[in-house]
Each structure stands twice: as C-alpha cells, then as structure tokens.
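To start, the structure under review is shown below, and the notes come after it.
The values are calculated or read from the model by the stated rules, or taken from the named source; none is laboratory data. On a predicted model such as this, the values are computed, not experimentally measured, just so you know. Note that each Cβ is placed from the backbone with ideal geometry, even for glycine, and that neighbours are counted across all protein chains shown.
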Amino acid sequence: MNYFRSHILIETDEASVQQGAKDIMAALKQELAKHKLDKEINVLETGSLGFFERGVCLAVYPDNVVYGDVTLNDIPQLVEEHFLKGRPLSRLMLEKAEKKNIPLEYAKRIVLENSGNIDPEKITDYLGVGGYLGWEKALTEMKPADIVQAVKDSGLRGRGGAGFPAGLKWSFTAPIEGVQKYVVINADEGEPGTFKDRLIMEGDPHKLLEGTMIAAYAVGATKAFIYIRGEYKLCIARLQNAIDQAYEYGLLGKDIFGSGFDLEIEIEIGAGAYICGEETALIESMEGNRGIPRNKPPYPGQEGVWQKPTIVNNVETIANVPAIITKGSDWYQKIGTPECPGTKVYTILGDVAVPGLCEVDMGTSLRTIINTYGGGMKKGSRFKAALVGGAAGIFLGDSMLDVKMDFHNLAEYKAVLGSGAILVLNDAVNIVDVLESVIRFFRHESCGKCVPCRNGNEQLYRSIKKIKAGLASEDELDKMILLADAMYKTSFCALGQ
Ligand SMILES: Cc1cc2nc3c(=O)[nH]c(=O)nc-3n(C[C@H](O)[C@H](O)[C@H](O)COP(=O)(O)O)c2cc1C
Ligand code: SF4
C-alpha cells in the first residue's frame with residue numbers, strides 16, 4: 001500500500017468536465033510524474049467542490065487549500081509553487097478554512113463530512129473513514145424497532161421540504177407485516193437553484209447507500225430504489241459504482257452479515273419533470289405512468305409503489321442516518337436547535353461573493369450564511385432580499401436576517417426551508433423580474449391535473465407580464481392576491497398551493 005503525503009481532489013462534475021477538468025487532471029498527473037512526485041501526491045476525482053462560477057476547482061489535502069479557475073497553463077506553476085517550493089499559489093487560491101475565519105462550531109459537517117476528502121469511487125476510502133460501521137451496528141446489534149426509536153429520538157426531520165419527522169414516518173410502516181415493503185430515496189431535485197443532493201451523491205455516494213440500507217432494515221423493506229433525475233449523470237454513475245462495490249463486499253444481497261436480512265438497491269432514472277419530486281407523482285412515474293400526484297391518504301407509507309407500503313425520504317435526510325446510528329441520538333440532538341436538531345445543507349446563489357454549498361447547524365441565521373459561507377455580498381452590491389427555499393420559497397428581507405433558520409422558527413413567519421436554496425438579491429434587482437421567472441417556472445411545471453394550478457399559474461403569469469409592460473393598475477395586484485389565495489386553498493398538491 002502506498003501512503004501519499006498529499007491528495008489533490010479535482011472536481012469532475014459535468015460543468016467542470018466541460019471546462020476541461022479531465023485534461024487538467026491528466027496534465028497534473030503528468031507534471032507530478034515529471035518531478036517524480038507521483039508516488040507522493042495522489043490525484044483523485046471528486047464531485048463539484050461547491051464553488052460555482054469559479055471554473056475548474058481542485059482541493060489539496062491535508063493543506064486544506066482550494067484553487068479555482070484552474071487552466072491547463074497553470075499546471076506547471078501550480079506544481080512548482082505548491083508542491084516543490086511548498087508555498088500555495090495565491091493567485092488561484094479560493095479558500096483556506098482558517099483564512100476565511102469559519103468558526104469551528106460551524107465547520108462541523110455530518111452529511112458532507114467526507115465530500116472532498118475521500119475518493120467517492122472507492123469503497124475502501126469510505127470504509128477507511130468509518131463507513132458502513134452504522135450498517136454493521138444496525139444489523140448485528142440492533143432490532144429494527146430500536147433503529148426507528150433512535151431516529152425518532154434524534155429528532156431528524158425530512159430535508160425534502162416539509163420537515164416531517166423521519167422516525168415517525170418510519171414508525172407507521174415498520175409494524176406492517178406480511179407484505180413486500182419498499183424504501184425510495186427521492187433524488188429528483190428539480191427545484192431551481194438547488195443542487196445539494198447532487199453534491200451529496202457525487203461526493204459521498206456510499207453515505208447515501210449506508211443510510212438507505214439502515215432505513216430499509218428499520219422498516220423491513222427488502223428492496224430500495226434511488227429515484228434520480230436523468231440529468232445527474234455523474235451521480236448516477238457514482239451511485240451505480242457504489243452499489244456494485246457494496247454487493248461485492250457483501251453489504252448488499254442475501255443474508256447480509258449472516259443476519260438473515262436480504263436487501264437489493266436499484267437506481268430509477270427520472271425524466272426531468274419537477275412534479276415527479278412530489279412523492280406520489282414520483283411513485284406514479286416509477287410505475288411507468290405519467291407523473292401526476294395521487295390522492296393522500298392513503299400515504300405512501302401505507303400504499304406506495306405498486307400499492308405496497310413505501311417509505312419516501314430525501315437524500316439529505318437519509319445521509320444523516322449513519323451518524324445517528326454510530327454516534328447516537330443524544331449526540332445528534334445536541335446539534336442545531338431543540339425543535340430541529342442536526343445540520344442543514346444550503347446552496348447559496350446570486351449576488352454573494354462565493355456562491356456554492358455549505359452545511360451549517362440548524363438555526364444558523366441567514367446573515368451568517370451569507371457573510372460567512374457566501375463570502376458576503378458581491379463587491380459594491382447591497383442586500384435587498386433572499387429567496388429562501390427555492391422557487392417555491394419565500395422572499396426574506398432585512399428584518400429576517402437574524403432569524404434562526406429552522407423549520408420551526410421560519411414557520412412563525414410563514415417562511416420555509418424548502419429545498420435549501422438561498423438566492424441572494426441585491427438592491428438593483430427588480431423583484432417583479434424575479435417573480436416573473438418564478439411564475440414562468442410553475443406555469444411550465446404544473447402537471448395540469450387540477451384547474452386552480454393549471455389555469456391559475458397561467459393567469460398569474462399574464463398579470464405579471466401586464467405589470468412588467470406597465471399596463472396594469474393596482475387592481476391587478478388585488479386580483480393576483482385573490483387568485484393566489486384560491487390556488488393555495490384549492491390546488492390538489494403543494495405545487496399549486
Ligand atoms: C412539486 C414538488 C416537488 C418536490 N420535489 C422534491 C424533490 O425534488 N426532492 C425531495 O426530496 N422532495 C421533494 N418534494 C417533497 C416530497 O413530496 C416528499 O415530501 C419528500 O421526498 C419526503 O422526504 P423527507 O421526509 O425526507 O423530506 C417535492 C414536493 C412537491 C410538492
Ligand atoms: S396543484 Fe398543479 S401540479 Fe399539483 S396536481 Fe394540481 S395541476 Fe398538478
């Protein structure tokens with residue numbers, strides 16, 4: 001076995017590959033070999049490092065330095081400065097954790113702890129950082145009911161938008177006996193500006209698999225599916241690779257760890273309709289039907305895929321589970337807020353200096369997220385509002401900057417965490433333009449099943465166009481509010497609501 005003094009993780013997500021990441025990686029390996037450093041410095045692929053708009057990025061460990069906008073021409077100088085002379089190349093440097101003054105209590109990660117630190121394509125890397133210990137513990141030391149109780153006690157709430165307690169959801173399905181049960185991981189992630197689940201899967205696919213395995217055992221499901229949007233090609237490839245490795249290592253299949261428990265995991269590829277992220281439309285789509293929501297009740301936990309009890313959970317929700325099992329629900333409960341323990345992964349976009357991804361304690365304020373993780377507002381711009389929770393979210397202004405953001409506190413202001421996307425807007429942005437784009441999205445994505453949403457979004461869109469064209473009177477706003485209220489009260493599913 002070779003021990004390397006440094007690891008360089010280069011992002012090879014689709015955007016980076018288009019910008020030459022593979023060629024840059026090959027050139028880097030060649031340059032290191034030229035200086036006989038290839039046995040000391042390991043070059044690995046990873047998913048996006050989360051620094052969007054910064055071209056191809058690579059991270060150097062254990063130095064904890066991230067370089068951005070790297071091109072082929074930079075490689076010789078980068079190798080010479082950083083690896084031969086031992087001084088980071090400051091002109092390309094994006095981040096050094098200490099330099100950014102990220103407070104240590106905020107630098108805690110659960111879901112993303114391995115992302116960017118291990119090779120997501122090697123199960124041995126995951127095992128090397130304690131991966132699959134939760135699965136082993138669950139199967140060999142715990143009864144399914146103990147796991148459901150542990151997840152309940154942890155206070156973990158669903159990260160797919162609604163914040164429903166995960167353990168409670170599992171507790172409805174677990175006792176059902178004598179039927180095939182399923183677990184479905186919702187990796188559809190269609191909300192504009194949201195890419196947290198993508199980066200969780202790209203950076204650490206085994207963590208999602210481990211959480212899925214534990215969830216399946218807890219509710220007695222012998223088959224699990226990961227429903228993933230078709231555009232997420234790198235995620236699909238990495239997850240399939242991880243599933244194949246898990247079978248090879250006996251972590252999936254028949255009589256796992258001699259426990260008598262069998263489990264299969266399969267990937268289902270979605271075709272890109274936003275509504276297919278809604279759990280019952282997702283189930284319809286899995287069954288080969290058009291993706292439109294079903295009546296609830298019965299909830300999927302009672303009647304889901306092929307009318308069998310089915311647990312549907314978001315990627316981030318499930319990625320929290322291995323740590324809850326290995327470290328315990330007491331440990332988990334102490335992170336975040338009493339009502340919403342744990343961390344939250346956000347995507348930060350718009351007029352911030354460093355758009356990207358962060359994982360912070362639940363309850364972290366919008367101000368901290370923007371200033372500490374987004375690097376503050378872009379130079380010369382002032383904060384006007386942030387659209388928090390994705391397109392289906394709410395605009396939060398100045399007065400909300402210090403609110404502790406979790407499902408519970410935001411509900412007091414009729415706001416939501418939603419998909420975890422934060423779009424930061426400067427004071428030059430016209431909110432009407434933003435609203436037009438949001439309504440255009442929902443008009444396009446309405447599945448058409450019910451009139452309030454199908455026709456309501458069309459009418460809202462016409463009104464906003466009229467306002468933009470300067471052809472509307474104040475009555476138009478009253479009409480829009482009335483219509484929106486009717487849509488909220490009468491639409492069939494949460495998209496129209
Ligand atoms: C229009 C619409 C789109 C949705 N898209 C997603 C999605 O992409 N991913 C997701 O996890 N949940 C999505 N949801 C929420 C799911 O219906 C469901 O609540 C969630 O997958 C449950 O997982 P959780 O309990 O772990 O949050 C969507 C809901 C609606 C109404
Ligand atoms: S609210 Fe919209 S998306 Fe939901 S069922 Fe009705 S038409 Fe379809």
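Observations
- Within region 305-347, the residues that satisfy the criterion of being touching a Pro at 6+ places or on another chain (Cβ under 6 Å) and farther than 14 Å from ASP153 by Cβ are THR310, VAL312.
- Of all residues making up region 111-149, the number that are of a type in the set (A, V, I, L, M, F, W, C) and more than 21 Å from GLY260 (Cβ to Cβ): 6
- Residue pairs meeting the criteria (Cβ under 7 Å; at least 6 apart or on separate chains; first closer than 20 Å to LYS169 by Cβ, in region 270-285; second polar (S, T, N, Q) and crowded, with 24+ Cβ neighbours inside 10 Å): GLY277/ASN186; GLU279/ASN186; LEU282/ASN186; ILE283/THR310
- Matching residues in region 439-481 - criterion: being in contact with a Pro (Cβ under 8 Å, 6 or more places away or on another chain) and either exposed (fewer than 12 other Cβ atoms within 10 Å of the Cβ) or part of a helix (DSSP H, G or I) (or both): PHE441
- Some residue of region 440-463 being over 24 Å from the mean Cα position of the chain (by Cα) and outside the structural domain of LYS479 (by TED's automatic domain parsing): no
- All of VAL416, VAL345, VAL432 fail the test of being assigned to a strand (DSSP E or B) and either away from ligand 2 (no atom under 16 Å from the Cβ) or surrounded by 22 or more Cβ atoms within 10 Å (Cβ to Cβ) (or both), apart from VAL345.
- Some residue of region 324-339 being touching a residue at least 24 places away in the same chain (Cβ under 8 Å), buried (at least 24 other Cβ atoms within 10 Å of the Cβ) and aliphatic (A, V, I, L, M): yes
- For the residues GLY161, GLY193, GLY203, the requirement of being buried (at least 24 other Cβ atoms within 10 Å of the Cβ) and modelled with pLDDT under 95 singles out GLY203.
- Residue within region 161-172 that is near ligand 1 (Cβ under 8 Å from one of its atoms), in contact with a Phe, Trp or Tyr (Cβ under 9 Å, 6 or more places away or on another chain) and either under 19 Å from LEU357 (Cβ atoms) or assigned to a helix (DSSP H, G or I) (or both) present: yes
- The set of residues in region 270-325 that are of a type in the set (S, T, N, Q) and out of contact with any Leu (no Cβ under 8 Å at 6 or more places or on another chain) comprises THR280, SER285, ASN289, ASN295, GLN302, GLN307, THR310, ASN313, ASN314.
- In region 200-219, the condition of being more than 25 Å from GLY250 (Cβ to Cβ), out of contact with any Cys (no Cβ under 6 Å at 6 or more places or on another chain) and not basic (Lys, Arg) is met by no residue.
- For region 381-418, residues that are touching a strand residue (DSSP E or B) at 6+ places or on another chain (Cβ under 9 Å) and either farther than 20 Å from PRO341 by Cα or free of Cβ contacts under 8 Å to residues at least 60 places away in the same chain (or both) total 24.
- The residue of region 226-237 that is farthest from VAL183 (Cα to Cα), among those that are buried (at least 22 other Cβ atoms within 10 Å of the Cβ) and modelled with pLDDT of 95 or more, is ILE228.
- In region 471-497, the residues that are within 17 Å of PHE441 (Cβ to Cβ) and not assigned by TED's automatic domain parsing to the domain that holds GLU189 reach residues that are more than 16 Å from ligand 1 (Cβ to nearest atom) and hydroxyl-bearing (Ser, Thr, Tyr) with C-beta atoms within less than 7 angstrom, at least six apart or across chains, in these pairs: MET480/SER463.
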